[in-house]
2 protein chains.
Amino acid sequence: MNILFIMYDQLRFDYLSCAGHPHLQTPNFDKVAAMGVRFTNAYVQSPVCGGSRMCYYTGRYASSHGAQWNGFPLRVGEHTMGDHLRKAGMDSWLIGKTHMRADAEGMERLGLSADSVIGARQAECGFDTWIRDDGLWGYGPDGFYDEKRSPYNEYLKGKGYPSENPWADFANAGIDDAGDMASGWIFKNADKAANVREEDSETPWLTTKTIEFIDEKKAEGTAPWMAHVSFIKPHWPYIVPAPYHNMFGENHVPAPTRHEVEREDPQPVFGAYMQNKIATAFQQDEVRKKVIPAYMGLIKQCDDQLGRLLDHLEATDQMKDTMIVLTSDHGDYLGDHWLGEKDLFHEQSVKVPMIIYDPRATADPARGTTCDALVESIDLAPTFVEAAGGKVAGHILEGRSLSPWLRGETPDWREYAISEYDYSATPQAVRLGIEPRDARLFMVFNGRYKLMHAEGGLRPMLFDLQTDPEEFFDLAKSDTHKAEIDRLYDNLFTWARRMSQRVTKSEDDIKAMRGRSMRRGILPFLADGTEVPEELTALYYGKAQADYTSD
Amino acid sequence: MNILFIMYDQLRFDYLSCAGHPHLQTPNFDKVAAMGVRFTNAYVQSPVCGGSRMCYYTGRYASSHGAQWNGFPLRVGEHTMGDHLRKAGMDSWLIGKTHMRADAEGMERLGLSADSVIGARQAECGFDTWIRDDGLWGYGPDGFYDEKRSPYNEYLKGKGYPSENPWADFANAGIDDAGDMASGWIFKNADKAANVREEDSETPWLTTKTIEFIDEKKAEGTAPWMAHVSFIKPHWPYIVPAPYHNMFGENHVPAPTRHEVEREDPQPVFGAYMQNKIATAFQQDEVRKKVIPAYMGLIKQCDDQLGRLLDHLEATDQMKDTMIVLTSDHGDYLGDHWLGEKDLFHEQSVKVPMIIYDPRATADPARGTTCDALVESIDLAPTFVEAAGGKVAGHILEGRSLSPWLRGETPDWREYAISEYDYSATPQAVRLGIEPRDARLFMVFNGRYKLMHAEGGLRPMLFDLQTDPEEFFDLAKSDTHKAEIDRLYDNLFTWARRMSQRVTKSEDDIKAMRGRSMRRGILPFLADGTEVPEELTALYYGKAQADYTSD
């Protein structure tokens, strides 16, 4: 069995028709859901690209692997999905985005070159790279945001788009009425068609690369593979080529999920985020009316390209031995809760789509069902290891395999989900005067109550999703829910004490160590020697060494 | 300035005359204390050889580096004292024991050979190896406890001691009345003289190696160095050569610090330890009467050899530019609290001697003083980095530099010390039926109250060292001290949430990142473009690209 682990960037859990979106039809997502299980309570371990992805790729919490935010390198030697899968005989490939920053200093210290196979895997999150393109080719006076080579930009140049950065100037820009380039960075341009042929835009381009990969691997007939197909879209810049640019309009834009009460004495971090530039932009109706239709168009394009991929699998008879996983690294506020982008722990940001099709007959009982268990993004890595026939290294991987759910079983399961957010590098930390080490947030959600804890002496937030599913009323402002808050803090405490770094000894290794030292001659407990098991006595005081003297 | 970082293994804090021992005179320890500062509340981060040492060598808590017990490998890539010091221009050398187990699997995964300089440092805790000898050359039916080559055993063989393992058969064994080898593993033999010439025994041998090192480095005139001189003694086997074997006798053995109340419904882990073989041995008066005089003899020999080293430094005019640190990796119960060895958090086990002589004039105000601040063993690494003139990497090193105390200042300081213990590989975990991941203990000590928390649903322990300095009365058995227990649990919770793995980004790096992405063309917040600072506008919408079309 192969695994297609498909990630969309910044795809909200509820912008799919199978998740109940009233206007957006995503028949191909729905088709996979109908063949598999849709997890309706899947949470990422950090609602930001880099941090979230490192959790997916390591199967570990953000504070366990330490690469907690965009551009924070993943420390050299950290185990990744690729390490675990290769041990189980499955290759691990990357097609698209990871947002991985290599630990260049650590690699240099260990003498690892990114040119070597080992070094390249360290530099690429443990994946072998089919193609890597992180899809953010911004350029400014300090240079490129991302200094790697962009295969996508090279592709566009090869197709004749005349620019040093056609990603910015064509694929993510339209043309204004005067005929000038109208950047997709600017929200007022979001309703324009991106100035790129649809088949040359990012999602079709990566889909083509994926199909090429599948075909080549099939032709090679090599080991089973897991391919991480990782699309940049529907992530900003919010602009999409025709015909998707005008499929949706103002009448498809829902009212924002927000309430005046949220702006009354908000928890300080929430308050600071409500004042940032993307939030104030999304607080404007004009912005939402322009951007949300473009966001929907981008998703519609993703769905169509997913259809292309499914068709190809069917045409090549590979649906029967390909596990398909559809998910995202985080959501998008789109103006809900007075916010834009992601970062905090409201459902719009921290909950993601999670649809898994398992082709095996064991999964037949669960096809087309939904599962509302508290799933964490770190559960995928152990799920894949099990699918590859491997043994889950529970001393390293902190997630739990979803395999029982895929078979329609009801295993004992976690009672709360955890997410973390490190905002140390953001303007919000500056605004609040918070030192980098204190600019950290934790979420504990037990299926009903959701606590946000903030370091640095700031007060927490609490929502009751049963009575307040829209998360407007911060119950931590009063004493009424002290017992619930205490209970969630107890959960956080238990979690914080977890065993996360004993990565060089498995539970089985440790059990095998027990009591072995005596059989290697370490006997620090002998009063008179009679305590030594008979089998060992000859070694310690049966030898005739009378003839040895020291002087 | 050079640094001599001298560690004795299993040396109790109170078995020195400067610490008030009534019978044991240690004039050379006292001399260093008179020249420097003696820290009277120094705690190790894990009271077991391997775990404690990895904390010293990394400057990080046991659950941060993960090598929590003997034989648990230190993960490849973990930063060590040597890494930090080399960055500051100081070499880092090992002379003696580390109890380091290399992460062979991790090194292989990264293609690192222990033969290379980089690989050797990874395999040796970041030290360059002058000589390594862990001093535990037990041998049994499953082979050697330690499979490395023993330079000390080779030395003894070269001196003509006729055995494959003269460490066991001579240096750590006496001769009984029948003329047979009498193993030092057996406590009843502890009063015999070890069957080795005194100058060939372990402590003088390593002292000689250290003097050779100092002389060679002086001759070379190379970079300043930190040398970790790490003696195996007074660690068991408890046996010492003449004349030390009969310097002390029964009349020098104090009554055990223990109380019947400790055996009444003890906390389960404490209870299990009281039943293990070393504890039941030390519960016998005969054992204490034999062993403690030998333990004192071993310490007396350490003191004499320290004198030899000090004399050599003086004779070669190096006292003026050598920092000297005297400490231990943990203590020894010696029958106190009904226990033997170490492992738990009573003062006898978790508190260590910590004496620092700083030759610089800045340290003059503090010479000959004591300091009762809560010091942790992880404080040494940052102290050394500062002494080397480096900048302390506070995102990696979790300890705090002791430099202000050495200058006689009174800095703001931690309010509690933490220690941890992982007993997952021990018979006590088997006895209690505890899974490896739950076999973990935590100590929080705030200078008065000491809490022991046990995972696995076991109850805590609490001692009030002000009213009960001998730690007999477990206050967690009743509700009387709930407020104190809650307060210490709050401390533990704060500590458990600490930032410990964000090792690839310093606080300064993060501050420098703030707000940089716009200057690299990432602009995800523009409603209409007017938000762009004027200096940047030309880049995003001033370009005349009207003549570019995509179709």
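The values are calculated or read from the model by the stated rules, or taken from the named source; none is laboratory data. If you're wondering where the values come from, they're calculated on a predicted model, not measured in any experiment. Every residue, glycine among them, receives a Cβ derived from its backbone with ideal geometry; neighbour counts consider all protein chains shown. The protein model used for the area step is the full one, side chains on, heavy atoms only, and it has no ligands, DNA or RNA in it. Shrake-Rupley method; radii C 1.70, N 1.55, O 1.52, S 1.80 Å.
Quick rundown of the values:
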{"quantity": "Counted residues, segment B:402-426 - those being β-branched (Val, Ile, Thr) and either within 13 Å of another protein chain (Cβ to nearest Cβ) or open to solvent by less than 30 Å² (accessible area, probe 1.4 Å) (or both)", "calculated": "2"}
{"quantity": "Number of the condition not met by B:Pro241 [criteria: (1) more than 14 Å from every other protein chain (Cβ to nearest Cβ); (2) over 21 Å from the mean Cα position of the chain (by Cα); (3) in contact (Cβ under 8 Å) with a residue 12 or more places away in the chain]", "calculated": "(1)"}
{"quantity": "Of residues in segment B:427-448 being small (Gly, Ala, Ser) and more than 8 Å from every other protein chain (Cβ to nearest Cβ), the one nearest to B:Asp490 (Cα to Cα)", "calculated": "B:Gly447"}
{"quantity": "Hits in segment A:490-517 - residues which are open to solvent by less than 40 Å² (accessible area, probe 1.4 Å), facing another protein chain (nearest Cβ under 7 Å) and not basic (Lys, Arg)", "calculated": "A:Phe493, A:Ala496, A:Met499, A:Gln501, A:Val503, A:Thr504, A:Glu507, A:Ile510"}
{"quantity": "Residue, modelled with the highest pLDDT, within segment A:92-108, restricted to residues that are part of a strand (DSSP E or B) and within 14 Å of chain B (Cβ to nearest Cβ)", "calculated": "A:Ser92"}
{"quantity": "Every residue from segment A:199-224 that is within 25 Å of A:Leu136 (Cα to Cα) and either free of Cβ contacts under 8 Å to residues at least 60 places away in the same chain or out of contact with any helix residue (DSSP H, G or I) (no Cβ under 7 Å at 6 or more places or on another chain) (or both)", "calculated": "A:Glu199, A:Asp200, A:Trp205, A:Leu206, A:Thr208, A:Lys209, A:Glu212, A:Phe213"}
{"quantity": "Positions within segment A:203-238 being part of a loop (DSSP other than H, G, I, E, B) and in contact with a strand residue (DSSP E or B) (Cβ under 6 Å, 6 or more places away or on another chain), in sequence order", "calculated": "A:Ala223, A:Pro224, A:Phe231"}
{"quantity": "Leading residue by the ranking (surrounded by the most Cβ atoms within 10 Å (Cβ to Cβ)) among those in segment A:444-460 that are without any contact (Cβ under 8 Å) to a residue 40 or more places away in the chain and closer than 19 Å to A:Ala42 by Cβ", "calculated": "A:Tyr449"}
{"quantity": "Qualifying positions in segment B:331-381 - among the small types (Gly, Ala, Ser) and farther than 26 Å from B:Leu313 by Cα", "calculated": "B:Gly331, B:Gly335, B:Gly340, B:Ser349, B:Ala373"}
{"quantity": "Single residue of segment B:59-81 satisfying the filter (within 11 Å of chain A (Cβ to nearest Cβ) and assigned to a helix (DSSP H, G or I)) that is surrounded by the most Cβ atoms within 10 Å (Cβ to Cβ)", "calculated": "B:Ala62"}
{"quantity": "Whichever residue in segment A:139-178 is closer than 23 Å to A:Gly50 by Cβ, outside any loop (DSSP other than H, G, I, E, B) and in contact (Cβ under 8 Å) with a residue 24 or more places away in the chain and, among such residues, is most open to solvent (accessible area, probe 1.4 Å)", "calculated": "A:Tyr139"}
{"quantity": "Residue list for segment B:185-202, filter: in a loop (DSSP other than H, G, I, E, B) and either within 9 Å of another protein chain (Cβ to nearest Cβ) or more than 17 Å from B:Lys300 (Cβ to Cβ) (or both)", "calculated": "B:Trp185, B:Ala194, B:Asn195, B:Val196, B:Arg197"}
{"quantity": "Only listed residue being over 30 Å from B:Ala182 (Cβ atoms) and buried (at least 21 other Cβ atoms within 10 Å of the Cβ), chosen from B:Ala223, B:Ala227", "calculated": "B:Ala227"}
{"quantity": "Among the residues listed as A:Gly111, A:Gly89, A:Gly126, A:Gly135, the single one being in a loop (DSSP other than H, G, I, E, B), in contact (Cβ under 8 Å) with a residue 60 or more places away in the chain and more than 21 Å from the chain's Cα centre (by Cα)", "calculated": "A:Gly89"}
{"quantity": "Close pairs (9 angstrom Cβ cut-off, 6 or more residues apart or separate chains): more than 18 Å from B:His259 (Cβ to Cβ) in segment B:469-483, not polar (S, T, N, Q) anywhere", "calculated": "B:His481/B:Tyr449; B:His481/B:Leu462; B:His481/B:Asp464; B:His481/B:Leu475"}
